[in-house]
Amino acid sequence: MSRPVVATLNLSALRNNLNIVRKAAPNSRVWSVVKANAYGHGLERIWSSLSETDGFALLNIEQAILLRERGWKGPILMLEGFFHADELALFDQYRLTTSLHSNWQVKALANARLKAPLDVYLKMNSGMNRLGFSPDRIHTIWQQLKGIANVGQLTLMAHFADAERSEGIVEPMKRVEQAAEGLGCPRSLANSAATLWHPEAHFDWVRPGIMLYGASPGGQWCDIATSGLQPVMTLQSEIIGVQNLKSGDVVGYGSRYRANAEHRIGIVACGYADGYPRIAPTGTPVRVDGVLTHTVGAISMDMLAVDLTPCPHTGIGSPVELWGNEVKVDDVAQSAGTVGYELLCALAPRVPVVTTS
Ligand SMILES: *Cc1c(COP(=O)(O)O)cnc(C)c1O
């Protein structure tokens with residue numbers, strides 16, 4: 001038998017979550033966001049479960065080419081566009097929709113020799129100040145792009161910094177309105193949070209990422225508990241050791257946990273080298289043989305310790321769910337001071353992955 005840690009991907013949950021996107025945004029087309037190797041799930045493993053989507057959005061040219069080689073014929077949106085002008089030959093060859101967020105990209109596209117025009121997402125800075133042109137420049141650049149033979153269909157794109165808050169898109173939407181005035185342009189604005197909670201931002205194409213994988217854009221499972229979204233990834237392992245602690249005994253590196261009574265702990269074959277967050281403190285939720293308990297002490301590279309007090313029937317070989325259907329990745333992330341996105345993306349290559357349909 002091999003080391004018991006394993007990640008299971010529930011592909012029917014992925015299909016279910018895409019349906020939830022459709023129900024939430026019935027009049028929009030859907031870019032399924034599969035950047036970061038499909039949020040750690042593995043693009044190659046999961047893309048065909050999302051083949052009912054209207055398009056895929058990502059960042060890496062290698063992953064775009066992989067989709068084409070596996071037979072995806074629909075649109076592919078490169079969220080950050082090309083990083084160097086010489087990539088345009090591949091954009092042309094593989095028919096990729098490019099985002100344009102900087103002047104040098106506009107010039108490079110104008111000067112490229114292409115077989116056919118490329119569809120373009122003109123990226124506007126909605127106030128997040130990451131990528132994009134400021135709203136007052138959109139009109140000029142839009143007209144400029146209209147005159148470039150290499151530019152096919154044009155869409156205005158913006159991204160929200162705070163769409164998980166109820167007032168979070170008010171200011172950015174004003175900026176979009178200002179920029180789009182009189183252009184009559186198709187728009188794509190909504191990430192998962194806006195897809196779920198701001199129908200006024202849906203427009204022509206929504207761009208959900210995290211919700212497809214069944215985690216919350218707001219960082220708390222309770223935000224999506226009634227949405228019908230289902231977690232796709234379950235990270236499981238087993239108890240490989242048991243210790244009976246006396247009062248005053250300590251556990252793990254740095255002796256960060258000290259027992260204040262006699263109790264039993266289990267040692268789980270999963271650590272930060274598997275992608276479990278090292279920073280997770282004592283008290284982070286975990287299930288042992290279906291019973292909710294919590295971690296104790298520091299997370300090691302290959303192991304972590306859990307309190308077995310609530311589950312006296314368990315021992316060596318008992319199954320452990322680190323996150324998944326029962327223990328939400330959002331809850332583990334929240335305990336560790338981060339978001340589910342980071343934990344999913346950080347699943348380590350050494351963890352074997354199996355899929356269920
Ligand atoms: C990552 C990303 C998304 C998806 O965001 P989620 O919060 O995962 O839904 C959408 N649009 C852009 C430009 C992105 O970079």
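For the range 1-106, please list each of the helices (runs of 4 or more DSSP H) lying entirely inside it that holds at least 1 residues being small (Gly, Ala, Ser). First the steps, then the outcome.
Details: elements: 11-24, 35-39, 43-46, 61-69, 88-93.
Here the list reads 11-24, 35-39, 61-69, 88-93.
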Checking PRO186, PRO172 in turn, the sole residue that is of a type outside the set (Lys, Arg), open to solvent by 30 Å² or more (accessible area, probe 1.4 Å) and within 16 Å of the ligand (Cβ to nearest atom) turns out to be PRO186
Scanning the range 304-357 for residues that are within 17 Å of VAL242 (Cα to Cα) and surrounded by fewer than 16 Cβ atoms within 10 Å (Cβ to Cβ), the one nearest to the chain's Cα centre (by Cα) turns out to be PRO319
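Return the residues of the range 234-249 that are open to solvent by less than 60 Å² (accessible area, probe 1.4 Å) and either over 16 Å from LEU343 (Cβ atoms) or not in a strand (DSSP E or B) (or both); say none if nothing qualifies.
Taking the range 234-249 and keeping what is open to solvent by less than 60 Å² (accessible area, probe 1.4 Å), we get 234-235, 237, 239, 241-242, 245, 248-249.
Those that are open to solvent by less than 60 Å² (accessible area, probe 1.4 Å) and either over 16 Å from LEU343 (Cβ atoms) or not in a strand (DSSP E or B) (or both): ILE239, GLY241, VAL242, LEU245, GLY248, ASP249.
If I go through the range 116-127 residue by residue, how many of them are in a loop (DSSP other than H, G, I, E, B), touching a Gly at 6+ places or on another chain (Cβ under 9 Å) and not hydrophobic (A, V, I, L, M, F, W, C)?
Here is the first cut: in the range 116-127, the ones in a loop (DSSP other than H, G, I, E, B) are 116-117, 125-127.
The next check asks that each one be touching a Gly at 6+ places or on another chain (Cβ under 9 Å); those that pass are 116-117, 125-126.
Right, trim to not hydrophobic (A, V, I, L, M, F, W, C) and you get 117, 125-126.
Residues in the range 116-127 being in a loop (DSSP other than H, G, I, E, B), touching a Gly at 6+ places or on another chain (Cβ under 9 Å) and not hydrophobic (A, V, I, L, M, F, W, C): 3 in total.
Can you tell which of LEU196, LEU212 is open to solvent by 20 Å² or more (accessible area, probe 1.4 Å), within 12 Å of the ligand (Cβ to nearest atom) and part of a helix (DSSP H, G or I)? Show your work before the answer.
Details: LEU212 fails: open to solvent by 20 Å² or more (accessible area, probe 1.4 Å).
The conditions single out LEU196.
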By residue number, the members of the range 223-233 that are closer than 15 Å to LEU322 by Cβ and open to solvent by 20 Å² or more (accessible area, probe 1.4 Å) are none
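Here is a list: ARG113, ARG130. Which entry is open to solvent by 80 Å² or more (accessible area, probe 1.4 Å), part of a loop (DSSP other than H, G, I, E, B) and within 16 Å of the ligand (Cβ to nearest atom)? Break it down into steps so the answer makes sense when it comes.
Details: ARG113 fails: within 16 Å of the ligand (Cβ to nearest atom).
Being open to solvent by 80 Å² or more (accessible area, probe 1.4 Å), part of a loop (DSSP other than H, G, I, E, B) and within 16 Å of the ligand (Cβ to nearest atom) holds for just one of ARG113, ARG130, which is ARG130.
The values are calculated or read from the model by the stated rules, or taken from the named source; none is laboratory data. Quantities reported herein were computed from a predicted structural model and do not represent experimental measurements. A quick note on method: Cβ atoms are made from the backbone with ideal geometry, for glycine too, and the neighbour counts reach across all protein chains shown. Side chains are part of the model used for accessible areas, which takes the heavy atoms of the whole protein and leaves out ligands, DNA and RNA. Shrake-Rupley method; radii C 1.70, N 1.55, O 1.52, S 1.80 Å.
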